[in-house]
Amino acid sequence: MTEKLSTEQLKALVLAALDDLKAQDVQVIDVRDKASFTDLMVIASGTSDRHIKALADNVVEAAKKHGAQPLGVEGETSREWVLVDLGDLIVHVMHPQTRAFYNLEKLWSVSEEQTLAGRKGQTP
């Protein structure tokens, strides 16, 4: 039986799979202190629908090859944003315009202190 990959091993595997097919603007966000459903999010951009699909497929194939079965893959038909859930790590592959609109980097980089500070002075 294959041993479960550590989060760091999974991250290295995903980054290599994305790099193999020239993903653009790859970012890794540690969300362990913000979310209970995963440890890391990897966000990358593709240049076209086909590139986004190929990047996501390459991540899935690399994960399976190393014994990490994806929990799910969403968005394969739209290809504007494909999400690959690997449990401890979630991969988002997006068109640059979609990525700019949703701005996941900003959403997940907000600290608890910033959130609480932003609520001060607001009435419920």
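Looking across region 51-91, the residues that are touching a residue at least 12 places away in the same chain (Cβ under 8 Å), closer than 13 Å to A23 by Cβ and surrounded by fewer than 22 Cβ atoms within 10 Å (Cβ to Cβ) come down to H51, K53, A54, N58, A62. Of all residues in region 2-27, exactly one satisfies the criterion of being touching a residue at least 12 places away in the same chain (Cβ under 8 Å), among the acidic types (D, E) and either in contact with a Cys (Cβ under 6 Å, 6 or more places away or on another chain) or part of a helix (DSSP H, G or I) (or both), namely D20.
Within region 61-68, identify whether any single residue is touching a strand residue (DSSP E or B) at 6+ places or on another chain (Cβ under 7 Å), modelled with pLDDT of 95 or more and not aromatic (F, W, Y), and answer yes or no. There is no residue in region 61-68 that is touching a strand residue (DSSP E or B) at 6+ places or on another chain (Cβ under 7 Å), modelled with pLDDT of 95 or more and not aromatic (F, W, Y). Part of a loop (DSSP other than H, G, I, E, B), modelled with pLDDT of 95 or more and surrounded by fewer than 17 Cβ atoms within 10 Å (Cβ to Cβ) - does that describe any residue in region 28-44? Checking region 28-44: not a single residue is part of a loop (DSSP other than H, G, I, E, B), modelled with pLDDT of 95 or more and surrounded by fewer than 17 Cβ atoms within 10 Å (Cβ to Cβ).
For region 55-91, residues that are more than 14 Å from the chain's Cα centre (by Cα), among the hydrophobic types (A, V, I, L, M, F, W, C) and part of a loop (DSSP other than H, G, I, E, B) total 1.
The values are calculated or read from the model by the stated rules, or taken from the named source; none is laboratory data. Just so it is clear, the structure is predicted and the values come from calculations on it, not from any experiment. Neighbour counts run over all protein chains shown; Cβ positions are idealised from the backbone, glycine included.
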